[in-house]
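These notes are about the structure you will find just below.
The values are calculated or read from the model by the stated rules, or taken from the named source; none is laboratory data. The structure presented is a predicted model; accordingly, all values stated were derived computationally and were not measured. FYI the Cβ positions are ideal-geometry reconstructions off the backbone, even for glycines, and counts take in every protein chain you see. Protein only, heavy atoms only, side chains kept; ligands, DNA and RNA dropped before computing areas. Shrake-Rupley method; radii C 1.70, N 1.55, O 1.52, S 1.80 Å.
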Amino acid sequence: MLPSGTLDALHGTDDKVAMLRECKRILSHNGCIVSISFPAVARFNFLAEWAPQLNLAWRFKVIADGDPALGHQAVFCTILYHDGTASLADVPYEMDPLTQTCVHRITTTGSLYDTDDSDPAVLPMDDVA
């Protein structure tokens with residue numbers, strides 16, 4: 001388990017990549033890295049870019065009682081593991097509607113909170129738990 005703020009406390013991409021590389025090195029074959037943190041788009045973008053380059057598979061979930069763009073507090077939950085291992089690869093995973101909406105928003109607007117009203121794929125998720 002990575003303590004909250006671990007990646008965010010490091011300066012520069014090189015330090016963050018080195019820390020993630022070291023976590024992978026000491027991670028057992030069937031182990032996983034769990035990170036539960038405040039919702040930082042920069043961390044999501046970093047993991048989206050670097051996890052595949054380091055051969056780490058990852059799963060991501062937004063946990064909230066509604067859409068953060070509508071004022072609901074949220075946390076990000078990320079699980080990283082060795083790509084191709086049976087530890088989590090065989091467990092079915094599908095993003096829930098809130099996570100899908102937030103990921104879409106992050107990748108299209110660069111923000112968890114700013115919506116693109118012209119995009120029909122972005123739906124208000126206030127009633128999703």
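When you go through (1) among the small types (Gly, Ala, Ser); (2) under 24 Å from His104 (Cα atoms); (3) out of contact with any strand residue (DSSP E or B) (no Cβ under 6 Å at 6 or more places or on another chain) one by one for Ser28, which number turns out not to apply?
(2)
If you take the residues of the stretch 44-96 that are loosely packed, with under 13 Cβ neighbours inside 10 Å and part of a helix (DSSP H, G or I), which of them is modelled with the lowest pLDDT? Give the steps one after another, and end with the answer.
Applying the first criterion (loosely packed, with under 13 Cβ neighbours inside 10 Å) to the stretch 44-96 yields 49, 52-53, 55, 65, 70-71, 73, 84, 86, 89-94.
Imposing the further condition that a residue be part of a helix (DSSP H, G or I) reduces the set to 49, 52-53, 70, 86, 89.
Values: Glu49: 95, Pro52: 93, Gln53: 95, Leu70: 93, Ala86: 60, Ala89: 67.
Top of the filtered list is Ala86.
If I filter the stretch 31-40 for residues that are part of a strand (DSSP E or B), open to solvent by 40 Å² or more (accessible area, probe 1.4 Å) and among the aromatic types (Phe, Trp, Tyr), do I get at least one hit? Quick ask: steps written out before the conclusion?
Initial filter on the stretch 31-40 (part of a strand (DSSP E or B)): 32-37.
So of that shortlist, the ones also open to solvent by 40 Å² or more (accessible area, probe 1.4 Å) come out as 32, 36.
From the residues that got through so far, the ones that are among the aromatic types (Phe, Trp, Tyr) too are none.
Within the stretch 31-40 (the criterion being part of a strand (DSSP E or B), open to solvent by 40 Å² or more (accessible area, probe 1.4 Å) and among the aromatic types (Phe, Trp, Tyr)), the answer is no, since none of the residues qualifies.
Taking only pairs six or more apart or across chains, which ones have beta-carbon atoms under 6 Å, a first residue in the stretch 37-52 that is over 19 Å from His82 (Cα atoms), and a second residue that is open to solvent by 20 Å² or more (accessible area, probe 1.4 Å) and modelled with pLDDT under 90?
Matching pairs, first to second residue: Ser37/Ser4.
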